[in-house]
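Have a look at the structure below before the remarks.
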Amino acid sequence: MNRTIRRALYGALAGALVLTAQLPAGALERPRPSGGDVTINAVYDPAAPYTANWTRAQALKIASDPSNTTPRIPQEFPIMTDEVWIWDTWPLSDLDMNPVSYGGWNIIFSLVAPRDIFFGDRHWQAKIGYFYSDDAQTWTYGGELFPAGSSFGSREWAGSTVVSDDGTVDAFYTASGRDNPTEIDPTDALQRLAHAQGRIHADDEGVWFTGFEDHTIIAEADGYLYQTMEQSQAVPDAIIYAFRDPFVFRDPTDHNVYILFEGNNPGPAGSHTCDRKEIGRVPAGHVVPPRSNLYTGNIGLMRLTGDEEDMNSWELLPPLLSAECTNQQTERPHLVVDDGDYYLWTISHQFTFAPGLSGPDGLYGFVGPGLRSNYRPLNESGLVLGNPADAPLQNYSHFVMPNFLVESFIDTIPRDGGGPDIYGGTLAPTLQLEVEGTHTELTGVLPYGYIPALREAGEIW
């Protein structure tokens, strides 16, 4: 059903739903069918205690096909720089989620680590680096964003970076690990959300940054809305914990500033139950295996309560989406708002699906009519782009831009004829999605690392 027809069908219901958006609690926790394949769209106040669910029933529908499978990357691929490994990447943006250029330069940020260390060890030495390009695909490495020793944690993990028209840059990141460690400790799972402010500068030769000396922890897991590290360790062999990956934006509906992030549902690991809302309408005979209740991933939300000039005061709100009993990881959540539809994106691994479920490493997505709403999985299952079966670790950390271009990095490619795997640590070919309502389709492959700005900072193109 195309978007125009769908809008018309929903139009008759709009009055009732406007009232729903003002309610403090979930008045439409079970949206009623209105006939055929049309469902009433429920929208809630962003602070309301309503959380949509990615259910086991939906995840059971995951199936790879040409419309959602990333093409194989050849063994010979270009390397952006021989100085650092590159993985999670995001563009310089404005608060309206548009990638922007500055001084004629496209600018991106990536997690980086020295390329002379083992690829698998990069996470424990991660810093945020930046690159600039005049053609949005040939990138020059500019170095690390923050002054040495200024950031919190023992390593810097992914986040988002926004620029104001006056050149002020607000950088949000994950302070991973405890502060001031004496040695690298991969078992240190502490994660907090942090912020620092600086300025961007550019001339004909390139881009550089100043400031970022003063950093602030803006959020920590509270144990009430989001699981703490200590709660996650109630079961010794529970899998990966998360309170990370801040994505900042202004909601075009209420014009407040929010941050999405990856979290886990609160409470000690093992205390959760797999109820009807987590299981969904599964096929007859489906049994939820033991330990599925240890998988508690969610997409969290927080709202700016202080001044936009300093961006340091925030309040935690209930999660937008829960994957409890379905998946442990909803990494790098981000948003595209298109013609009134809110597209909520996340990435996940095959090994983080709960027992009895399976899905490829890749991009997953959901759509709803508002920031807090009854999100529906794209393509019925949530799968948007998955790795090919013969290269299951090929791509990861997908990021969807407002024009539905998708960038990611090359992770690990199997070598033809066997032998040691080939590590990427550089950006993959950008992919083009066609998105219509709840359906997506891969429609194009663009150059490696093609991440074009959509406007110049201070100007609308």
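The values are calculated or read from the model by the stated rules, or taken from the named source; none is laboratory data. Model, not experiment: these values are computed from the prediction. Note that each Cβ is placed from the backbone with ideal geometry, even for glycine, and that neighbours are counted across all protein chains shown. Calculation scope for accessible area: heavy atoms of the full protein, side chains included, ligands and nucleic acids excluded. Shrake-Rupley method; radii C 1.70, N 1.55, O 1.52, S 1.80 Å.
Kindly give Rg over Rh for the chain, based on alpha-carbon atoms, with the Kirkwood expression for the hydrodynamic radius.
Over the Cα atoms of the chain, Rg/Rh equals 0.94.
Which percent of Cα-Cα pairs in the range 321-383 sits in each 10 Å bin, short to long?
Result returned by the calculation: 23, 55, 20, 2.
Given the options Ser408, Val336, Gly437, identify the residue whose Cα lies farthest towards the positive end of the charge dipole of the chain (+1 on Cβ of Lys, Arg; -1 on Cβ of Asp, Glu).
Result: Gly437.
Give me the net charge of Pro392's neighbourhood, meaning all other residues with Cβ under 15 Å from the Cβ of Pro392; Lys, Arg count +1, Asp, Glu -1.
-2
How much area per residue is accessible in the chain when the probe is 1.4 Å and only protein heavy atoms are counted (Å²)? Intermediate values should be presented prior to the final figure.
Values: 18370 Å² over 461 residues.
Heavy-atom accessible area per residue stands at 40 Å².
Past the 14 angstrom mark, what percentage of all C-alpha to C-alpha distances in the range 305-348 do you count?
66 percent
For a bin width of 10 Å, list the pair-distance distribution of the range 154-260 built from all Cα-Cα distances, rounded to whole %.
Here the calculated profile for the range 154-260 is 13, 36, 31, 16, 4, 0.
Quote the accessible area belonging to Arg376 in square angstrom, nearest 10, computed with a 1.4 Å probe and with ligands, DNA and RNA left uncounted.
Surface accessible to solvent at Arg376 totals approximately 60 Å².
Rounding to the nearest 20 debye, state how big the charge dipole of the range 188-347 is about its Cα centre with +1 on each Lys and Arg Cβ and -1 on each Asp and Glu Cβ.
Dipole size: approximately 1020 debye.
Using only the alpha-carbon atoms of the range 399-444, report the extent along each of the three principal axes, biggest first, to the nearest angstrom.
Its Cα atoms span 43, 19, 15 Å along the three principal axes.
Charges on Cβ only, +1 for Lys and Arg, -1 for Asp and Glu, centred on the Cα centroid of the chain; of Gly159, Gln125, Asn180, which one is farthest towards the dipole's positive end?
Positive-most Cα among the choices belongs to Gly159.
Taking the Cα centre of the range 346-434 as origin, sum charge times position over the Cβ atoms of Lys and Arg (+1) and Asp and Glu (-1), and report the length of that vector in debye to the nearest 20. Show your work: numbers first, answer last.
Numbers: 3 positive and 8 negative charges, 70 e Å.
Roughly 340 debye for the range 346-434.
For Asp94, Asp421, Asp338, give me the order by solvent-accessible area with a 1.4 Å probe, most accessible first, ignoring ligands, DNA and RNA.
Reading off the accessible areas and sorting them downward yields Asp421, Asp338, Asp94.
Equivalent-ellipsoid semi-axes (√(5λ), Cα gyration tensor) for the range 364-444, whole Å, largest first?
29, 13, 11
So how far, in whole Å, is the C-alpha centre of the range 358-384 from the one of the range 79-107?
25 Å
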